[in-house]
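S.K.: Mind having a look at this structure? Questions to follow.
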């Protein structure tokens, strides 16, 4: 196992051109499996010795440890990919993960902010300092384009087309897409870039980071979460709100205002329409509330 796992990760990096975060997730999933098998067998087995029964025991342990169903499903996807690789390389005769079924997914609706709450949040950053202008620009951009926080921090100068209100986004699986920027986001970005000071250690030109910290270095995803947390406290908004909540809010508001689900799928960069469809349930809930409130024979 401890020889096959590095070989598989090199395969992902070189042949599949997988993103660093993807490789990191696979590594963590497979090392967790290796640890479980070592403890249960008393020694680390070879891939060829691992059976579906071993993997069922591993998955059962994940459930008992309280892992979310989505996490267990991701673990199973990692195992299937790994054993497809070992089968291809002649390390196993079959894929012991293939018979395992994913747990039934939980139907949890995403948390989102109302348009009024979004407005309060975006009015919070002060505009007298460069950091305040940066905070406003990153919040406006994240909501305006529906970006994941990892996509936001990766935006470079060369990705922006402020004249046409567009930003090039590198999403999951390194898939690129063009996302529109609203007029408020464009204005905030222009003011942010005028005041931005880059560290000498940062790239210049098209590769320069749009959003930087107080030292002029590219901002991190954790820093974005802390910035949002600061303004949530100032405005008294729901503390459950995370950077991803702005993405959920973006999708929900588009559907509430008549956007079709296929367009929202493209804007979010979802590979599958199924992933986007959860937002239709949120939007329908809003429609039901409006119906019950306004229709004379609703109740």
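S.K.: Does residue 167 satisfy the condition of being under 16 Å from residue 267 (Cβ atoms) and either in contact with a helix residue (DSSP H, G or I) (Cβ under 7 Å, 6 or more places away or on another chain) or not in a loop (DSSP other than H, G, I, E, B) (or both)?
M.R.: Yes; evaluated as a whole, the condition is true for this residue.
S.K.: Same structure, new question: (1) within 21 Å of residue 151 (Cα to Cα); (2) out of contact with any strand residue (DSSP E or B) (no Cβ under 8 Å at 6 or more places or on another chain); (3) not in a loop (DSSP other than H, G, I, E, B): which one isn't true of residue 271, the others all being true?
M.R.: Of (1) within 21 Å of residue 151 (Cα to Cα); (2) out of contact with any strand residue (DSSP E or B) (no Cβ under 8 Å at 6 or more places or on another chain); (3) not in a loop (DSSP other than H, G, I, E, B), only one is false for residue 271: (3).
S.K.: Being without any contact (Cβ under 8 Å) to a residue 60 or more places away in the chain and buried (at least 16 other Cβ atoms within 10 Å of the Cβ): is that true of residue 157 here?
M.R.: Spelling it out, residue 157 is indeed without any contact (Cβ under 8 Å) to a residue 60 or more places away in the chain and buried (at least 16 other Cβ atoms within 10 Å of the Cβ).
S.K.: Would you check if there is a residue in segment 61-68 being assigned to a helix (DSSP H, G or I) and closer than 30 Å to residue 150 by Cα?
M.R.: Scanning segment 61-68 turns up at least one residue that is assigned to a helix (DSSP H, G or I) and closer than 30 Å to residue 150 by Cα.
S.K.: State which residue pairs qualify: first residue at negative phi and touching a residue at least 24 places away in the same chain (Cβ under 8 Å) and inside segment 251-272, second residue surrounded by 16 or more Cβ atoms within 10 Å (Cβ to Cβ) and not in a helix (DSSP H, G or I) in any location, beta carbons under 7 Å apart, and separation of 6 or more residues or different chains.
M.R.: 251/146; 252/112; 267/146; 267/179; 268/146
S.K.: Let me ask you something else. Can you tell which of 183, 290, 285 is loosely packed, with under 14 Cβ neighbours inside 10 Å, under 30 Å from residue 128 (Cα atoms) and at pLDDT below 95?
M.R.: 183
S.K.: Can you pull out every residue in segment 39-67 that is more than 21 Å from residue 85 (Cα to Cα) and touching a residue at least 24 places away in the same chain (Cβ under 8 Å)?
M.R.: 61, 63
S.K.: Filter segment 118-138 down to the residues that are in a helix (DSSP H, G or I), in contact (Cβ under 8 Å) with a residue 12 or more places away in the chain and more than 22 Å from the chain's Cα centre (by Cα) and list them by number.
M.R.: Matches in segment 118-138: 120, 130, 131, 133.
S.K.: Go through (1) without any contact (Cβ under 8 Å) to a residue 12 or more places away in the chain; (2) over 17 Å from residue 3 (Cα atoms) for residue 87 and report which single condition fails.
M.R.: Unmet condition: (2).
S.K.: Among the listed residues 84, 104, identify the single one that is within 27 Å of the chain's Cα centre (by Cα) and outside any helix (DSSP H, G or I).
M.R.: Only one candidate passes the filter, namely 104.
The values are calculated or read from the model by the stated rules, or taken from the named source; none is laboratory data. Just so you know, these numbers come straight off a predicted model, no measurement behind them. Counting neighbours? That spans all protein chains shown, and the Cβs are built from the backbone with ideal geometry, glycine included.
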